[in-house]
Amino acid sequence: MNRPKSPVKQLIRAALRDVTPIRLWVLFAAVGFGFTLFCVVSVITVRQHLHALKTVGSDAAPSVISAHRIKIGLAAMDGALADELMSVCGQRPARELNADFEKNRLDVCREIVSAAKNITYEKEQAPIENIQLALGQFLMQAQTARDLHQEGKDAEAVVAYRVAWSTLKDKILPSADDLNLANSNVLEETYGRERSASALSRGLVLVLGMVLICVLFYLHIYLSVHFHRRLNLPIIFSVVILAIFLRFLTSALGESSMGLTRAKEEAYNSVLALLDARASAYLADAALSRGLLDHENMQVNLTACKDSLDRIASFPDNVPGPVILYTAAKSLDAGRKPNLPNLTGALAQELGNVQFDGEKEGAIDSFETFLVYRDRCAQQRQLMTDGKDADALCLGLGFDPHGTNMAFGRFDDALVRTLRINNTELEQSVRKARRALQFLEPGSIILSILLVIATYLGLRPRIQEYQAESFLHRKNLRR
Amino acid sequence: MQCKKEGCEGKLKDGICQLCGVSAAALEEAEEYPGYPGYPGVPTRQSVTANMKQIMESQTPACKADLLEAAQKFESMVPDDFASWRMQANLLLTAIKQLELRQMEPDETTNLMGIPLTEVNLRHACEKALRNCAHFAQTFEDRVALIDEANSVRQVTWF
């Protein structure tokens, strides 16, 4: 007795037996599935690129910059306070130093707000809260020291200053470092992970697109051989549009990837090195001022100053700074990366990562002015160690052309100039990379739907030939 | 099922006798409309079937005259079922084969069932006949096979 066969079994058997309409539906299903997969992978890849750009351009890098600016502002406040406590009350230098302190306070507050508005990761909130809480404490302690100085109680003012400094050193600066670390770690991790992942998914998009083009080609050949029709316009349209879109998609993803690399490797790394150098310079300057103010802790402060200067750039005593400067300038002029094995520190990183127009001049200028500043600091430290406080004070305070303040000002200007070039490039690279990805996500979805419809329109008349109700009305039977 | 035609012992498949080629429906119609003008009925079909059998099964290839004779008989018959269209398609296929093998020369002045004896015209007519035949196919598989055959015989076009 014959059992009725199930429709599913019949369908599978028909598909395996190369029954033309079933084979056409199977091919259409394969194309539809391929386009869906292509669309999903494209969207995921674009999102991955956007996420990496968001991390570098919007989430982590601005917070790292804010953390450094907070640190710079705090060091500047500390230096201004120490200098103010050594100045005569009511006189112009004291007023200027007070205004400088106030200006830096406002800068720090703005940066705290900016960092708070950009909290993206869990670890960011606690350092910002700690900075905010301790800053009020520091300001009160600084005001106490200032009041005591104004009352002529300089010894008590120094004690009050020490309290303020300990708040800064133990609470605020470590929190700024924590904020910096929280963001820079995430940035490095995200960049490393998504760079490889996005390269992989970019390859997958390319492979999927190529496979899809091959399937469409096979479909066209199948139709051409089975139906004796040379061209199927909707399928040719699908192949051409897919090939164009694939070319556009891979080049846009490549451009975005290059933009991300440029933003991170070339601009952000330089920004980070220059900000480190700037923060260290402000800390060194403040430590020098503290050494002048606080005789009891002079050696500690002078060591702190030297450590900070070493963080900016360090090289052996037997290698003269100008020789390193000459070697670096020569290599950079020849368009090579300078080989400076003796040089370490933030400026060494910057000199090794000169990429943009004007950056070379800025980096060389920074190193040159640093050498001058370093010499002035060494001179002042020597005077302080020798007990020549009046001479050291003369060199450290005021605007003597051969003093540390002038040298520091020139060094800071050079750093700011170089920083501005890299900051602009960082923003531009991220913006450009984002622009390259614009419309790719909706474009992939719309295009996939459009091409599935085009493929269906190409197959529909051929499938309809096998439907009893439609083939009798076929127009193309007319000659 | 046995064929209802007198003297025929053939079996019916898809309503068509496998021996005489007459469909059961045609027999019923012939009984209903005996001698209807323009409706030749059973005798014509028998004659055409015999002719076709002779052409298809002959050891020697059919000549132009054989094809024209069969076609002449076809012209007096209304193709309204599977067998008629199939026979017409077979006739046209034979003609196409003859033209392909150069056993017959194309001749636009000669008509085979109103179709000029050229490959393009014959292919077109054959495709049409096979598609019409598919309309009467009993099963999905048969219909698919006939449409495939129609597509394989059709003249290659651009679109």
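None of the figures in this text is laboratory data; all of them are computed from the coordinates on show. Just so it is clear, the structure is predicted and the values come from calculations on it, not from any experiment. Cβ: placed from backbone, ideal geometry, glycine included. Neighbour counts: every protein chain shown.
For the range A:316-390, the set of trypsin sites (Lys or Arg not before Pro) satisfying both a DSSP loop assignment and a count of at most 10 other C-beta atoms within 10 Å is given as A:Arg336.
Within the range A:110-212, list the GluC sites (Glu not before Pro) lying in a DSSP loop whose Cβ has at most 16 other Cβ atoms in a 10 Å radius.
Numbers: sites: A:Glu111, A:Glu122, A:Glu124, A:Glu129, A:Glu151, A:Glu156, A:Glu188, A:Glu189, A:Glu194; in loops: A:Glu151.
Of the GluC sites (Glu not before Pro), the ones in loops of the range A:110-212 whose Cβ has at most 16 other Cβ atoms within 10 Å are A:Glu151.
Using the Cβ-Cβ distance between B:Lys97 and A:Arg13 with R0 set to 25 Å, the FRET efficiency from 1/(1 + (r/R0)^6) comes to roughly 0.15. Length available on full extension from A:Thr250 to A:Ser6: 0.36 nm per residue minus the Cα-Cα distance, which gives 83.2 nm. For chain A, the relative contact order comes to 21 percent (Cα pairs under 8 Å, sequence separation of at least 6). Residue by residue along A:227-233, Cβ atoms of other protein chains within 10 Å of the local Cβ number 5 on average. In loop segments of the range A:141-246 as defined by DSSP, the trypsin sites (Lys or Arg not before Pro) with at most 15 further C-beta atoms inside 10 Å of their C-beta are A:Lys153, A:Arg230. Once the cut-off is 18 Å, how many percent of the Cα-Cα pairs in the range A:53-160 end up in the long-distance tail? Tail fraction, whole percent: 53.
Proximity of backbone amide H atoms, modeled 1.01 Å from N, is registered between B:Thr110 and B:Leu117 at under 5 Å, excluding neighbours fewer than 5 places apart on the same chain. When the P(r) of chain A is calculated, the portion above 42 Å amounts to 41% of the C-alpha pairs.
In summary, the helical segments of chain A meeting the span-like criteria, namely a full DSSP H run, a Cα extent along the axis of 15 angstrom or more and a mean Kyte-Doolittle hydropathy of at least 1.0, are A:20-54, A:233-261, A:440-464.
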